[in-house]
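Worksheet for the structure shown next.
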Amino acid sequence: MTTVLQVGTGIAFLLLGMSKFMSKEVDAKYKSFGLPKWFRYVMGILEMVGAILLFIGSWNLLLGAVGAFYLAIMMAAMVVMQIRLGKGSMSGVLPSVTLMMICFVIVSMNLVSIS
């Protein structure tokens with residue numbers, strides 16, 4: 001169960017990370033937040049690194065937990081940023097909250113399996 005959840009979430013974050021380099025909608029969203037273009041690329045790389053940690057977590061539960069925690073913190077920061085800037089509608093914040101919660105579930109499942 002944990003492996004399926006980790007791989008599925010890893011695929012989602014890999015696609016999200018890649019979208020930071022290719023999507024005009026993501027570019028427009030970051031511009032609306034007043035963020036520089038380089039920030040979008042850094043976030044894309046960080047999301048892809050987290051996805052790789054989730055994939056590795058299929059074999060090494062501790063790395064999976066670290067990757068999931070790291071991604072959950074990133075999603076929490078994204079939610080706070082969207083709300084503070086007043087640009088976060090419920091439909092815009094909900095995907096980040098959902099991914100954050102899934103990541104916390106992965107962390108807890110991996111830590112329980114390790115102990």
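Here are the numbers for this structure:
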quantity: Listed residues Leu62, Leu15, Leu85, most fluctuating in the chain (Gaussian network, C-alpha, under 10 Å); calculated: Leu85
quantity: Sparsely packed chymotrypsin sites (Phe, Trp or Tyr not before Pro) within segment 39-87, loop by DSSP, other Cβ within 10 Å at most 10; calculated: Trp59
quantity: nm² value of the averaged projected area, convex hull over the Cα atoms of the chain; calculated: 6.6
quantity: Candidates Met81, Met90, Met48, ranked by Gaussian network fluctuation over the chain, Cα under 10 Å, top entry; calculated: Met90
quantity: Exposure of Met109 as accessible area (Å², to 10), given a probe of 1.4 Å and all protein chains; calculated: 50
quantity: Between 0 and 90°, nearest 10: helix 2-22 axis offset from the chain longest Cα axis; calculated: 20
quantity: Label-point gap, in nm, between Leu111 and Leu94 - each point 7 angstrom along Cα→Cβ; calculated: 2.9
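The values are calculated or read from the model by the stated rules, or taken from the named source; none is laboratory data. Keep in mind that this is a model prediction, so the values were computed, not measured. FYI the Cβ positions are ideal-geometry reconstructions off the backbone, even for glycines, and counts take in every protein chain you see. Quick note on the areas: whole protein, heavy atoms, side chains included, nothing else; ligands and nucleic acids left out. Shrake-Rupley method; radii C 1.70, N 1.55, O 1.52, S 1.80 Å.
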